[in-house]
Structures are given as C-alpha cells and as structure tokens.
Amino acid sequence: MSVEISGPAVPAVLAAPLAVAGCATAAVTMCLEAAADLAEARTGHRPAVSLDTGHVAAAVRAEALLRDPQGRGIDGFAPLSRLWPAADGWVRTHANYPWHRAALLTALEAESADVESVAETIAGMPALMVERLVYEAGGLAVAARRPGELPGPAGPLVRTTPLGTATGRPEGTGARGSLPAAGIRVLDLTRVIAGPVGTRMLAALGADVLRIDHPARPELPGLAVDGVLGKASALLDAGEDPATLHRLLDGADVLVTGYRPGALRRLGLDADQIAERHPGTVVVTLSAWGTGGPWGARRGFDSLVQVATGIGWLTRDASGRPGALPCQLLDHATGYLVAAGALTALAERARTGVAAHVEVSLARTAAWLIGAPLDGTPPVETPVAPHLVPLGNGWTGVAPPGALDGVPLSWPRLPPSYGTAPAAWS
C-alpha cells in the first residue's frame with residue numbers, strides 16, 4: 001500500500017545539504033505502513049494511512065518545540081556538550097548527564113569545569129587522543145571525521161532475524177477500528193531520544209508501554225516529559241531486583257533496549273537470553289554504532305554520530321568547522337525505525353507464530369542519510385501550531401504524526417509523570 005502524503009517535499013526547517021526531509025518522512029512512513037500491516041494481520045482490515053510533511057518536520061524537532069507551563073523551552077545541551085577545536089582538528093563531546101561530565105573532566109585533567117579551561121586543554125591535544133582518553137574514562141567524545149573514515153555497521157537499515165516461536169503464547173487480536181497495537185505490551189528500556197521516540201509512537205498506535213529507568217540515573221528534565229509521552233514510567237534498580245524485570249517480561253510482547261551492546265547481558269536481557277527465558281517475545285536492540293566492529297560496545301548519541309560519520313564534514317561552514325543537521329534526525333529517524341521494526345515483527349508473529357530480533361543503530365541511519373539523494377524542490381515554510389497539543393500539567397508539545405482511516409494519532413496517558421508508576425502492567 002502507499003501512504004497518502006501531503007505537504008511540501010522539503011519543509012524549510014529541515015533544509016540541509018543532505019536529504020534530511022526525505023529521510024525523516026520515509027522513516028515515519030515506514031512506521032505507519034508497518035502499523036497498517038499489523039492491523040491487517042490482527043483484524044483483516046488495513047487502515048488507510050495519511051501523513052503531512054509539515055507534521056513530520058515538527059515531530060523530528062519535538063524536544064526543541066517542547067514548552068513548560070511558563071512557555072519556556074528546554075536547553076538541549078549542557079555547556080560541556082559541544083564542538084571543540086583540538087590541536088589537529090575537531091572534537092565533539094557529550095556531557096549532558098552528570099556521570100558523563102565527571103568522566104570528561106577526569107579524562108582531561110582540566111583545572112576546572114568551566115568552558116574556557118576545558119577548551120584550553122583540548123586545544124593542546126590531538127583530536128584522536130582526546131577521543132581515546134575520554135572514552136577510556138567512561139566519557140563521550142569523538143574526533144571529527146570525513147565520510148568513510150570510520151567504518152560503519154554493514155547490513156540493512158533495519159536488520160531482522162528469527163528468534164524462535166511463540167509456543168504457548170496466546171496471540172491477541174485487535175477489534176476492527178481499534179488501534180493496530182491495541183493490547184500489545186512493550187517493556188521500554190531506553191532513554192534520551194531515539195528509543196523513547198520509537199516506544200512513544202508504539203503507545204500512540206495503541207500499545208501499553210511501560211518505561212523503566214534506574215532510580216540513580218534520572219532522565220534530564222525535558223526528556224523526562226517528552227520521553228514518557230503515552231507511557232507508564234517506573235523506577236527500578238534491575239541489578240538489585242532482576243526478578244521484577246523478568247516478571248514484567250513474562251507478560252510483555254516486545255522488549256526494546258537502548259543501552260550499549262553487552263551492557264544488559266548480566267541481567268539476562270540479550271536477545272538469545274530472552275528467546276530462551278521468554279519465548280515469543282519480540283526484541284528490538286537500538287545502539288549508537290551497531291553491534292559489531294571496534295566501536296560496537298561504545299556508548300553514543302546523535303551529535304557524536306553526526307561528527308564521527310562525516311555528517312559534520314558534509315555540513316561544514318566556509319572555515320571548515322563541522323556543522324550539524326537542522327534537527328537530531330539520527331535519533332528521530334532511528335526512533336521511527338524502532339517502531340517500524342517492532343510492528344513488522346509483531347505482524348509476522350501474528351501470521352506465523354515466529355518472533356524476531358530487530359536491530360537498528362544511529363550509525364546505520366547516518367549511512368542511509370549520507371547516501372540518500374537530495375530532493376531539488378525548493379524549501380517551503382510549514383506552520384507548527386496545528387501540530388502542537390497540550391501534554392498535561394501545563395506542558396505543550398508535538399502530537400504524534402500520521403492518521404489512520406482519517407483519525408489523527410494522539411498521545412494516551414496524559415499528563416506525563418516520570419518515575420511515578422509501579423513497575424507492573426496496568
């Protein structure tokens with residue numbers, strides 16, 4: 001089927017030297033098509049799907065358009081999360097979370113935590129040395145590279161492999177006219193932007209989503225609202241109480257993880273372990289750099305992947321300073337691919353009884369973007385106001401993009417409340 005798409009090919013806010021608008025629309029389209037396929041598999045009815053590109057342009061900037069009860073936006077990056085000139089190039093750091101900030105300062109042995117002191121330290125070091133020292137200390141820094149200098153993950157944009165049968169698991173079916181994922185339970189072990197974008201879209205499509213965070217590692221203020229839309233949000237130290245996590249998995253249809261590859265194996269949460277202990281569960285693995293290669297076990301964020309994969313070089317200014325995309329597209333596009341992969345796997349499970357392991361990464365999305373052809377259509381201004389909705393407790397944000405059978409998607413579970421739900425299915 002085809003999605004009925006309205007609006008300009010290139011909304012002005014997404015104009016860039018790369019196909020940002022096209023990839024953003026394509027990722028959301030893949031998600032909505034997968035939702036329609038799941039609806040058909042469960043009910044026999046395939047809903048008509050429509051999408052407005054202006055809404056896509058707002059959705060992929062959702063965290064930037066979020067407003068608190070006083071109408072204020074949320075700062076996206078901490079002072080030490082930025083691009084720095086090094087002795088022989090450029091370095092991008094990410095220090096939004098206190099533990100990453102502490103690791104950065106430890107690695108650099110900076111005299112103080114102020115920007116000037118850190119800048120002076122980095123300016124006297126080669127970019128690759130900064131990258132190595134910060135990573136070894138548990139922090140986040142990457143040297144700027146040109147496209148192709150950092151080998152990216154091979155394979156398809158969304159990799160899907162069989163993960164055993166759903167023997168003994170009753171396959172729920174939705175009622176015609178209900179949302180495609182109604183009755184599906186999703187355990188969300190993701191944070192920041194990409195994973196939460198995918199799981200909140202699953203919630204907008206009807207899934208019962210429970211997000212779990214560690215109580216000692218709270219989410220940043222804006223993301224504690226934007227990242228829990230449509231979900232129940234609970235706090236749980238899975239290291240101290242793995243039994244509760246596995247009881248939740250006993251009732252889950254989908255597990256979505258966004259921690260660095262290998263970090264959850266000690267908790268029994270890698271795909272092969274889930275297949276053995278919780279057969280029939282769809283597992284979606286989101287990573288920054290892919291699961292193989294020398295960087296497969298590294299942490300990463302959108303801004304770092306942009307710089308390391310050459311997107312910064314492709315968007316550089318006249319002085320050669322690396323640039324950035326007009327939105328955190330790697331996060332958002334990958335988030336919609338998370339949802340698309342989960343929905344496709346659920347449709348396959350409904351038809352055949354076979355579960356699947358779905359893998360996506362920011363680096364693979366970056367390679368897709370770099371290779372995508374540009375649309376030569378002139379950019380067109382698109383209004384934001386029609387896509388903004390109340391989020392509860394005085395907050396305002398972007399509604400989920402798309403409509404099924406003419407009915408726009410909306411967020412359930414408002415107002416958002418981070419970390420206040422019990423670690424249990426509703």
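The values are calculated or read from the model by the stated rules, or taken from the named source; none is laboratory data. Note that the coordinates shown come from a computational prediction; the quantities given were computed from them, not determined experimentally. Cβ placement follows ideal geometry from the backbone for every residue including glycine, while neighbour counts extend to all protein chains displayed. Areas reflect the complete protein model, heavy atoms only, side chains present, ligands, DNA and RNA absent. Shrake-Rupley method; radii C 1.70, N 1.55, O 1.52, S 1.80 Å.
Note on LEU374 and PHE77: their simple-model spin labels are 2.3 nm apart, each label 7 Å out from Cα toward Cβ. Here the relative contact order of the chain, from alpha carbon pairs under 8 Å that lie six or more residues apart, stands at 27 percent.
Stokes-Einstein diffusion coefficient for region 190-235 at 37 °C in a medium of 0.692 mPa s, Rh from the Kirkwood formula over Cα pairs: what value in µm²/s?
Values: Rh = 10.4 Å.
Roughly 314 µm²/s, to the nearest whole number.
Here region 199-243 is scanned for amide nitrogen atoms under 11 Å from the site 7 Å beyond the Cα of ARG266 along Cα-to-Cβ, giving 239-240. Taking the accessible area of the chain, probe 1.4 Å, and keeping the other protein chains in place, the carbon and sulfur fraction comes to 54%. For region 113-272, the fraction of alpha-carbon pairs lying more than 23 Å apart is 55 percent, rounded to a whole number.
Taking the inverse of the mean 1/r over every pair of distinct Cα atoms in region 74-204 gives a Kirkwood hydrodynamic radius of 18.5 Å.
Go ahead and collect, in residue order, the members of region 56-82 whose backbone nitrogen is under 14 Å from a label point 7 Å along the Cα-Cβ direction of ARG321. So the set is 82. Peptides 266-276, 217-227, 238-248 ranked from most to least packed by the mean count of surrounding Cβ atoms within 10 Å: 217-227, 266-276, 238-248.
Under the definition of Cα pairs under 8 Å and six or more residues apart, what whole-number percent is the relative contact order of region 281-426? Can you show the working numbers first?
Working: 160 pairs, mean separation 32.6, N = 146.
Value for region 281-426: 22 percent.
Note on the chain: GNM, Cα springs under 10 Å; of LEU362, LEU150, LEU343, the largest mean-square fluctuation is that of LEU150. The stretch between GLU109 and LEU414, if pulled fully straight at 0.36 nm per residue, gains 105.3 nm over its current Cα-Cα span.
Per the Kirkwood formula applied to alpha carbons, region 305-416 shows a radius of gyration over Rh ratio, Rg over Rh, of 1.04. Once you have the Kirkwood Rh of region 71-124 from its Cα pairs, apply Stokes-Einstein at 4 °C and 1.567 mPa s and quote D in µm²/s. Rounded, D is 111 µm²/s.
Comparing Cα centroids, region 105-144 and region 13-27 end up 32 angstrom apart. Rolling a 1.4 Å probe over the protein heavy atoms gives region 319-426 an accessible area of 41 Å² per residue.
Given a cut-off of under 8 Å on Cα pairs at least six residues apart, what relative contact order in percent is computed for region 46-201? Mind showing how you got there, number by number?
Details: 151 pairs, mean separation 24.4, N = 156.
Rounded, it is 16 percent for region 46-201.
Return one whole number: the accessible area per residue of region 85-225 in Å², for a 1.4 Å probe.
On the way: 6090 Å² over 141 residues.
Averaged over the residues of region 85-225, the accessible area is 43 Å².
Each 10 Å bin from 0 upward holds the following percent of the Cα-Cα pairs of the chain: 5, 22, 33, 27, 11, 2, 0. Each Cα pair of region 310-371 feeds into the Kirkwood radius, which the Stokes-Einstein equation turns, at 10 °C and 1.306 mPa s, into a diffusion coefficient of 117 µm²/s. The length gained on full extension between GLU120 and GLU276, counted as 0.36 nm times the residue separation minus their Cα-Cα distance, comes to 51.0 nm.
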